[in-house]
Every structure is written in structure tokens, then in C-alpha cells.
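The values are calculated or read from the model by the stated rules, or taken from the named source; none is laboratory data. Please read these numbers as outputs of a predicted model, since none were measured by experiment. Cβ: placed from backbone, ideal geometry, glycine included. Neighbour counts: every protein chain shown.
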Amino acid sequence: MPTPRIGGVAILVALVSFGVLIPDTGNHNLWLLLPSLMPVFLAGLAEDLGFNVSPRDRLLAAAISSLLAILLFKLWIPRTDIPLIGAILMFAPFAMAITIFGGAGICNAFNLVDGVNGLSGLIAVVVAASLAAIAAQNGLFEVSAWCAVVMGALLGFLVFNFPLGKIFLGDAGAYGIGHVLAWLAFLILNFVPDLTPWALLLIFFWPIADTMLAIFRRRIAGRPADQPDRLHFHQLVMRALEISVLGRNARHISNPMTTVILAPMFTAPAIAGVLFWNKPAMAALLLVFFAALFVATYQFGARITAALRPQSGHRFNFHLAHHKRLSHKKDL
């Protein structure tokens, strides 16, 4: 059924309405998140309203939003806990470029995981809660309050989005939330010297991992990285549910059930990031563990799905990463 895609507008209204009421006790001027959000939010909203803004233009708008945030806050990613790159970050223009790339990448990542009811919104709630926990442990209660406002706005949205999908986040919402959360993380990284970037990668693990996997499989298939496909992790899970349990006519059940199944998988890395926020070695080790588990689970799921549907006209293949039409008459 026709469904509104402007959930991001409601979230922006909530951020403006309540964010400006948060006292600036730390003189951090976090309200500057709102003007820096505008380029990527407006580009996403234009796409939601049918103006056909290309993925590259939306990514460019996300980069402009991060550049604007750098100019407004006069801050950028200060360290990576990787010796060589850490030394290069001492050169401000390079550090700014890395920050712009990271901010735009996270924006795009939240948009890519926005494929089933509740998934992107719930991931964002988990990320905001994790950032709030780290900020509170370090006395950054203003930052925690902003994270709480983000959580409240998202939970209000999820009342209508999950499980029935009465309204969608839209590109404005997905890109916008990605920008706000990315910059809350960058700001905490600047305000808390002991915070390791590895912990932040754990907190943002699921959208980043899914995006990197998408880029990899599209490159392997010889396709542009920004060309969409139907092989994201959540699509694999949803299709497996329909093939093995629910049937093709149960999309209204398999769609929200996919989010429920994936919830432990995107929550566990975030919890690890909160627990080991100031332990670089342990956080890096856990990041490697969750990355290996992510890839192995995807490959296993792809093989199981293909085995359950041997006569399908499409094959899930991690290495080929594209659909192949079979030539046998029984498959046509």
C-alpha cells in the first residue's frame, strides 16, 4: 500500500523542539548539529518527495554536511589508535578529509540498512544509547541528553514503523540520523581522551559491516558500488524465512521478524563497545571477531537459502554477488 516516506521530518521536528531546550552546560554548542544537518537532510527529503536525487548527489550532500560540521565545531577525528594513520592525522587537512569520509560513509550506511521495518531505527536507538552510556560515564551529560532526544524521537517513529510499517524513515531520516549519530560520536572522541575509536567502530558495527560487504560484492561482480541490489544481510534473512517457513505471501510477517532475528546481532557489538570503550586492544580484537562472524554467517545463510530453493531463478552467491538466470526449462 502507498506509505509515507517522510518519517525523517517528524524526527527533525523532535530534534529541533527538544534539542534546543538542553542547557549548554559544557559550552559545547551541540545545537550546531542542527544547521550542519540541513544539506544531507534536504537532499534526502527531495529524493523522498520524488525529485530523483542520485545516490552520488546524496553522498555529496552528506559530505557537505560533515564539512559544515567541521567548520561549525572546529573539530574533527583526532586519532585512530593506528600508529601510522595516527601520525598522518596530525596533518589537519588529512584529518578533515578522513572525518568527511567517515561522516558521509555512516550516513550512507544507515540508509543501506533501512530495508525492513524497524531495522535502521532500532540500530540507531542502540547506537544512541551506547554513545549516551559512554558520555555519561565521562561526565558529558549534555551529550547524553542529546542522545536521549535522538532515542525519544526514534522510539516515537518506531511506534508507527514497527512492526506494521505505517510510515517509513525515508532518505531524509536515514541520512539525517546517520549524520547526527556520527557527529555525536566524533564529538565524544574529542571530549574523552581515553575513548578508543575501535569502540566506536563496534558501536556502529552493523551498518558499517553491511555497507562494506555490499561494496565488496558489487565490485567482485563488476558493478558500480552505488548500484543497489537485493543481497543485503536483512534481505537474505527475510527471503530465507519466506522460503523455509512462512511462504511468499507472508511478507507482512517476515519483514518485521527479520528485525527481531537481527536484533541480537547488531546489539552485541555495541554492548562490547560500551564495555571496552577505553581498552583499545580488546576493542580491536572484538572488532575482528565480529567481522569474521558477520562474514561467516552471511556465507552460511546464503548457502542454506540456495539449498532450500534449488530451482530458484536466482542464486545467492557471496563471490559472484549477482543474480544468474538458469537456462533449464524447469527453472523458467
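I'm checking my understanding of the structure. Among residues of the range 21-48 that are free of Cβ contacts under 8 Å to residues at least 12 places away in the same chain and assigned to a loop (DSSP other than H, G, I, E, B), which one is farthest from residue 162 (Cα to Cα)?
27
Let's see how each residue does on (1) at pLDDT 95 or above; (2) aliphatic (A, V, I, L, M); (3) under 14 Å from the mean Cα position of the chain (by Cα):
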residue: 116; (1), (2), (3): no, yes, yes
residue: 126; (1), (2), (3): yes, yes, yes
residue: 129; (1), (2), (3): yes, yes, no
residue: 132; (1), (2), (3): yes, yes, no
residue: 135; (1), (2), (3): yes, yes, no
residue: 144; (1), (2), (3): yes, no, no
residue: 149; (1), (2), (3): yes, yes, no
residue: 155; (1), (2), (3): yes, yes, no
residue: 158; (1), (2), (3): yes, yes, no
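So if I check each of 94, 101, which one is modelled with pLDDT of 95 or more and out of contact with any Pro (no Cβ under 6 Å at 6 or more places or on another chain)?
101
Take the conditions in contact with a Phe, Trp or Tyr (Cβ under 7 Å, 6 or more places away or on another chain), surrounded by 19 or more Cβ atoms within 10 Å (Cβ to Cβ) and either in a loop (DSSP other than H, G, I, E, B) or at pLDDT below 95 (or both) and apply them to residue 195. Does it pass?
Yes.
Taking the range 155-184 as the search range and keeping residues that are of a type in the set (A, V, I, L, M) and surrounded by 22 or more Cβ atoms within 10 Å (Cβ to Cβ), which one is farthest from residue 260 (Cα to Cα)?
In this case the residue turns out to be 184.
Residue check: is residue 199 over 30 Å from residue 54 (Cβ atoms), small (Gly, Ala, Ser) and touching a residue at least 40 places away in the same chain (Cβ under 8 Å)? Walk me through it before giving the result.
Details: over 30 Å from residue 54 (Cβ atoms): yes; small (Gly, Ala, Ser): yes; touching a residue at least 40 places away in the same chain (Cβ under 8 Å): yes.
Yes.
Select from the range 71-94 the residues that are surrounded by 21 or more Cβ atoms within 10 Å (Cβ to Cβ) and out of contact with any Gly (no Cβ under 7 Å at 6 or more places or on another chain) and list them in ascending order.
Within the range 71-94, 76 is the sole residue that qualifies.
Tally time: how many residues in the range 225-271 are at pLDDT 90 or above and among the basic types (Lys, Arg)?
Qualifying residue count, the range 225-271: 0.
Report, ordered by the first and then the second residue, all pairs with beta carbons closer than 7 Å, sequence separation of six or more or different chains, a first member in the range 53-75 that is under 17 Å from residue 41 (Cβ atoms), and a second member that is crowded, with 19+ Cβ neighbours inside 10 Å and of a type in the set (Phe, Trp, Tyr).
Correct list of pairs: 58/175; 62/175; 69/183.
Does residue 148 satisfy being free of Cβ contacts under 8 Å to residues at least 24 places away in the same chain, over 22 Å from residue 78 (Cβ atoms), part of a helix (DSSP H, G or I) and touching a helix residue (DSSP H, G or I) at 6+ places or on another chain (Cβ under 7 Å)?
yes
Would you confirm, using the coordinates I've provided, whether residue 260 is free of Cβ contacts under 8 Å to residues at least 24 places away in the same chain and either under 18 Å from residue 296 (Cα atoms) or surrounded by fewer than 16 Cβ atoms within 10 Å (Cβ to Cβ) (or both)? Steps first, answer last, please.
Values: free of Cβ contacts under 8 Å to residues at least 24 places away in the same chain: yes; either under 18 Å from residue 296 (Cα atoms) or surrounded by fewer than 16 Cβ atoms within 10 Å (Cβ to Cβ) (or both): yes.
Taking the combined requirement at face value, the residue satisfies it.
Which of (1) within 19 Å of residue 286 (Cα to Cα); (2) free of Cβ contacts under 8 Å to residues at least 24 places away in the same chain does residue 193 not meet, given it meets every other one?
Residue 193 satisfies all of (1) within 19 Å of residue 286 (Cα to Cα); (2) free of Cβ contacts under 8 Å to residues at least 24 places away in the same chain except (1).
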